[in-house]
Amino acid sequence: MEIFFIVIIAYLVFVYVILRIIIPNSGFKKSSLPKVIPQEFAMKIHEINTNSKDYFDYLQEAFNYITTTFYGKRLETIFLFRYAFEDVYKYKPGYLPCTSLNYLVRIFLIKSGRFIEEDIKVKTVPLNFFIHQYLQVKVDGKWIDVDPWSAHLEIPLGKHSFLFAI
């Protein structure tokens, strides 16, 4: 029984401390956003902003764009673990880890001018194989869960995956 507790403590230290220190955008505080973003993203942000009737509509459309352009999946999270350490801008549409997807969502929200950093919380899911995070975004005084990595699990805007999401 003692070895079980040692393993659990080691796991928690690894997932909640070490990984959060070494993986970009997964730390104990939010990563700062870039001053300049790729033109493609700037144009898409402007397009979504122009076509959105309110803050929730903007959030929904930004979420839809990000989750149809990029995706998260368990096997890729394991086999493409190195992606978590690379610049999010260098990827073509396709797989990104949850930390990078959340970073993109933050960029889209903040750069739209509709949201500020205080409107976005980075949340960590307990008991996951690696570290998993999602966002909570404040819209009209309510906090909405935003988990773009879990869109492949058909988890919609407003919900997030928990425990050992597969």
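No lab work stands behind these numbers, since they all come straight from the coordinates. Quick caveat: nothing in here was measured; it's all calculated off a predicted structure. Positions of Cβ are backbone-derived with ideal geometry, glycine not excepted, and every protein chain shown enters the neighbour counts.
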Problem - Karplus (6.51, -1.76, 1.60) ³J(HN,Hα), θ = phi - 60°, over region 61-73, in Hz, Gly and Pro reported as x - result: 5, 5, 4, 4, 4, 5, 7, 9, 8, 10, 8, x, 7
Handout entry: Partners for K123 among lysines (Cα-Cα distance below 27 Å; same-chain residues under 8 apart left out)
Key = K29, K30, K35, K44, K73, K90, K92, K111, K138, K142, K159
Problem - Neighbour-count ranking [beta-carbon atoms within 10 angstrom, fewest first] of S112, S161, S32 - result: S32, S112, S161
Problem - Taking H160, H152, H46, H132 and counting other C-beta atoms within 10 Å, the order from fewest to most - result: H46, H152, H160, H132
Problem - Relative exposure of T124, T99, judged by other C-beta atoms within 10 Å (fewest first) - result: T124, T99
Exercise for the section: Mind giving me the nanometre distance, one decimal, between the label points for D87 and K123, set 7 Å out from Cα along Cα→Cβ? Expected result: 3.3
